[in-house]
C-alpha cells in the first residue's frame, strides 16, 4: 500500500480516536483495494473503499432504498457544495476533488475522486460530507432516517 493508503488510514484513525465514529477496522480486498469500516450514525456499519489506482474513496451503499425524488434532491445538494461563494470549510474544491452519487439496486454510494494526491483533504471532506448529508436528511427526509436507517425519531 502506498502514500494514499497511509494518508486515508491516518485520517480515519484520527476521527476514530476523537470518538467521531466507533468500531474502526480495515481489510485488504483481492482487487488491490482497502475497505475501512466503522459506525458513524447509529448502529449501521459504513464502508469506505479506497482505490489508489483510481484515486477514489467510495462510501459504499451509504444510503439504501433511496427514492427517485430523494436521489434528485441529494444530487442538487451535492452540486451546491461546489459553489465558490460558500465559505471554504463548507464547500468542496473542484480543483481537489470530484464527488458524485452512484445508484445501484436502489442504494446510493458516494464516490469521492481525489485530485493532486490530496488524500488528507479528501478524508476530511468525505467525513464532513457524510455529516452534511445526514443533517440534510434530518431536515428533509426524517421518516427515511427512522424507517430505513433505523434511527430514533425525536
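Each reported figure results from applying straightforward, stated rules to the coordinates on display, with no laboratory input. Since the model is a prediction, treat every value here as computed from it, not as a measurement. Positions of Cβ are backbone-derived with ideal geometry, glycine not excepted, and every protein chain shown enters the neighbour counts.
Here are the numbers:
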quantity	calculated
Three-way shape call for the stretch 42-84 based on the alpha-carbon gyration tensor, with the a/c threshold at 1.5	oblate
Length released on extending from residue 28 to residue 54, taking residue separation times 0.36 nm less the Cα-Cα span	7.8 nm
Relative packing of peptides 8-17, 73-82, 117-126 - highest average C-beta neighbours within 10 Å first	117-126, 8-17, 73-82
GNM result for the chain, Cα springs below 10 Å: residue of 51, 23, 131 fluctuating most strongly	23
Relative contact order computed over the chain (Cα-Cα under 8 Å; 6+ residues apart), in percent	19
Equivalent ellipsoid semi-axes, the chain, via Cα gyration tensor eigenvalues times 5, rooted, Å	23, 19, 15
Theoretical ellipticity at 222 nm over the chain - DSSP helices of four or more residues, -39500 (n - 2.57) apiece, nearest 500	-11500 deg cm²/dmol
Separation of the residue 131 and residue 153 label points, Cα + 7 Å toward Cβ, nm	2.7
